[in-house]
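**Student:** One structure is given below, represented as structure tokens, and several questions about it will come after.
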Amino acid sequence: MNDDIDVLLTETRSFPPPAEFARTALLNDPNIYLEAANDTEAFWMEQARTLEWIRPFTKGLEWDAPHVKWFSDGTLNASANCLDRHVRGAKRNAAAIIWEGEPGDRRTITYWELYRQVNQFANVLKGLGVERGDRVAIYLPLIPECAIAMLACARIGAAHSVVFGGFSPESLRDRINDSECKVLVTADGGYRRGQVVPLKRNADKALEETPSIRHVVVVQRRQGSTIQEAHTEMKEGRDHWYHRLMHNASAQCEPEAMNAEDVLYILYTSGTTGKPKGIVHTTGGYMTGVAYTTKYVFDLKDDDVFWCTADVGWVTGHSYLVYGPLANGATCLMYEGAPDWPEKDRFWDLCERHGVTILYTAPTAIRAFMKWGDQHPAKHDLSRLRLLGSVGEPINPEAWMWYQQHIGGNRCPIVDTWWQTETGAIVISPLPGITPTKPGSATMPLPGFSAALLDIRAKEIDVGGGLLALTKPWPSMLRTIWGDDARYVETYFTKWPGRPDLYFPGDGAKRDDDGFYWILGRVDDVLNVAGHRIGTMEVESALVEHPAVAEAAVVGKAHDIKGQAIAAFVTLREGFTQSSSLRDELREFVAQKIGAIAKPDDILFSADLPKTRSGKIMRRLLRDIAEGRALGDTTTLADPNVVAGLKDQYEAQES
Ligand code: 7RM
């Protein structure tokens, strides 16, 4: 962590909002920071009132740390906020979703059409026995039906649990079982780099052990015929084609009046144990947080075309591809596939053809674009772009500068947005018409949010490095972990003993002389690989399930494009010998168990792992080895020779 602080301390460039941008921005008066800080509860109540409530709330915050409620006597419906209020007005015929599939198929869906399809699918779900309070799993490629299924759940008061299409059958199974989903919505297949991802076939494997599932709805990716390569059996009575059910469904479904604190969705994310956590978001607070941040962080106006490149399987897709933009009546671009398919200019081609004005993507993608070369964006007219965003991991100043110059034409402000699955909405980010930006800094908490940098005793660090804390509750914060409230308390509110009012996100950060935050990354056993959160324990648990593996330790190692890559140290069971084919087999095994995103880059076989005398694996030393650094302090090790031997071996393998 200290190396990172040094690098960031030398970054002194600062960019005020471009004058022309600031002049027309929705927010350009810095007083908003002070107003929100003076009465944060009143500030949030004002934001919440921009939503459409069925029964208006009178209560704001109820904080019984670490448990929280917001607007608890109000009722509303998230899908009505995203659709019904727009189809009553001028947005009725505006495009809600401009979608493009990887093979090049296109669909544009107006608010009116989306409204009708969501109503129909809400009735389909009801017809399959889904009731208010039930859970529905969604395992889809990035197609408009993702948004339709999510909003249909919200309409009838069922919680959705979206599982990223890149996750394995076992990962899907565990998530379905943890929250006992009644229905699964999937597709015959999706596309990634020209390959078919056979989602229904994967789902069928998961469904062998998911007793709670009564019905499966399958979207046919190509009208009229199922994708040949993904062909799969439909199980009589359980499996239904989406288009057949929709054909007979009424397009009128009254939205349920949900309590502000009713669950809107569950989204699983990695933590420091082998078992992912079901993050619970509720209706009123979450919708308030995403509607407010989408509008002001992205300065969203009627004629914008907003493109968030995240998949709906991650929180960024939930908040900034579906709920936030649609609550604001925005026009969103949704693209299914890879940025380098069929050519490395696909993103810039999309931006040009669809007239994208706001682009929100991840540092790992930006670093890949840099590597592919300036000629790809240079071929396209990107002059409609007016604002750029970054999310998912720290952005290195070099990538930030490249993004500003080669994508933004030195004209667009960049909003580096720090937040998490748990925060629901962006927390630390510039306001593009107000806040000066510095390459590599997410700047400061948005109005309404409060952060501090603390040492381990909860003492505030004014300038320097420390642990990031969120010091006041905010409406879109998680409410609990599904089925495990003790884990909620323990994970987020016990870092500073006796201070259940302090939320610990798990990140380390630096604060500079201007009070700007520079996020350094996770300080716990969570990795961030290409912007995806993966727990070291999850990968370790997968590895030890292989019959050859006795013990495994997984660490992150710096990677120039992915940010972090996975390195695994493995000790074999008696009777197994190391080989390059076993190494490949183990990498493939992890991909099968969790998903391709968790596949280790390196596997090192070793007779022993470096442990303290109490038996704890010293990950710090493993990281030193994986990143080729001089070994840190080894005096607390039970056997210092182990780690020296490992380092030699690792270096021999690398060369
Ligand atoms: C939105 C999302 C959360 C973790 C978080 C950080 C890291 C996210 C930034 C960032 C530096 C950023 N949700 N992170 N955004 N680090 N600058 N702008 O990514 O739950 O999947 O991950 O991602 O470590 O704790 S997430």
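**Student:** Being buried (at least 24 other Cβ atoms within 10 Å of the Cβ) and either within 15 Å of the ligand (Cβ to nearest atom) or without any contact (Cβ under 8 Å) to a residue 40 or more places away in the chain (or both) is the filter here, so list the residues in segment 553-571 that pass it.
**Tutor:** Listed by number, the residues that qualify are Gly556, Gly563, Ile566, Ala568, Val570.
**Student:** Could I ask something else about it? When segment 488-508 is examined, which residues are found to be over 19 Å from Gly466 (Cβ atoms), out of contact with any helix residue (DSSP H, G or I) (no Cβ under 8 Å at 6 or more places or on another chain) and away from the ligand (no atom under 16 Å from the Cβ)?
**Tutor:** Val489, Glu490
**Student:** Hey, can you tell me all the residues within segment 350-383 that are in contact (Cβ under 8 Å) with a residue 60 or more places away in the chain and closer than 17 Å to Pro325 by Cβ?
**Tutor:** Listed by number, the residues that qualify are Leu350, His354, Ile358, Tyr360.
**Student:** Please return the ranges of helices (runs of 4 or more DSSP H) entirely within segment 268-385 where 3 or more residues are over 15 Å from the mean Cα position of the chain (by Cα) and surrounded by 21 or more Cβ atoms within 10 Å (Cβ to Cβ).
**Tutor:** Passing ranges, in order: 283-297, 324-327, 346-354, 363-372.
**Student:** Just need a number here: residues in segment 586-625 that are free of Cβ contacts under 8 Å to residues at least 24 places away in the same chain, in a helix (DSSP H, G or I) and charged (D, E, K, R).
**Tutor:** Counting residues in segment 586-625 that are free of Cβ contacts under 8 Å to residues at least 24 places away in the same chain, in a helix (DSSP H, G or I) and charged (D, E, K, R) gives 4.
**Student:** Among the candidates Ser390, Ser383, which residue alone is of a type outside the set (Val, Ile, Thr) and within 13 Å of the ligand (Cβ to nearest atom)?
**Tutor:** Only one candidate qualifies: Ser390.
**Student:** Considering each of Gly448, Gly465 in turn, give the residue that is of a type outside the set (Phe, Trp, Tyr), over 20 Å from the mean Cα position of the chain (by Cα) and away from the ligand (no atom under 15 Å from the Cβ).
**Tutor:** The conditions single out Gly448.
**Student:** I would also like to ask the following. Answer yes if at least one residue in segment 422-430 is surrounded by fewer than 22 Cβ atoms within 10 Å (Cβ to Cβ), under 25 Å from Lys301 (Cβ atoms) and within 14 Å of the ligand (Cβ to nearest atom), and no otherwise.
**Tutor:** Within segment 422-430, not a single residue is surrounded by fewer than 22 Cβ atoms within 10 Å (Cβ to Cβ), under 25 Å from Lys301 (Cβ atoms) and within 14 Å of the ligand (Cβ to nearest atom).
**Student:** Scanning for something within 16 Å of the ligand (Cβ to nearest atom), within 28 Å of Met618 (Cβ to Cβ), open to solvent by less than 10 Å² (accessible area, probe 1.4 Å) and in contact (Cβ under 8 Å) with a residue 60 or more places away in the chain, does segment 511-519 turn up at least one residue?
**Tutor:** There is at least one residue in segment 511-519 that is within 16 Å of the ligand (Cβ to nearest atom), within 28 Å of Met618 (Cβ to Cβ), open to solvent by less than 10 Å² (accessible area, probe 1.4 Å) and in contact (Cβ under 8 Å) with a residue 60 or more places away in the chain.
**Student:** Being within 27 Å of the chain's Cα centre (by Cα), buried (at least 21 other Cβ atoms within 10 Å of the Cβ) and among the aromatic types (Phe, Trp, Tyr) narrows it down to one of Tyr111, Tyr33, so name that one.
**Tutor:** Answer to the selection: Tyr111.
The values are calculated or read from the model by the stated rules, or taken from the named source; none is laboratory data. Everything quoted here is computed from the prediction, not taken from an experiment. So basically every Cβ, Gly included, is an ideal-geometry build from the backbone, and we count neighbours across all protein chains shown. Keep in mind that these areas ignore ligands, DNA and RNA; they rest on the heavy atoms of the full protein, side chains included. Shrake-Rupley method; radii C 1.70, N 1.55, O 1.52, S 1.80 Å.
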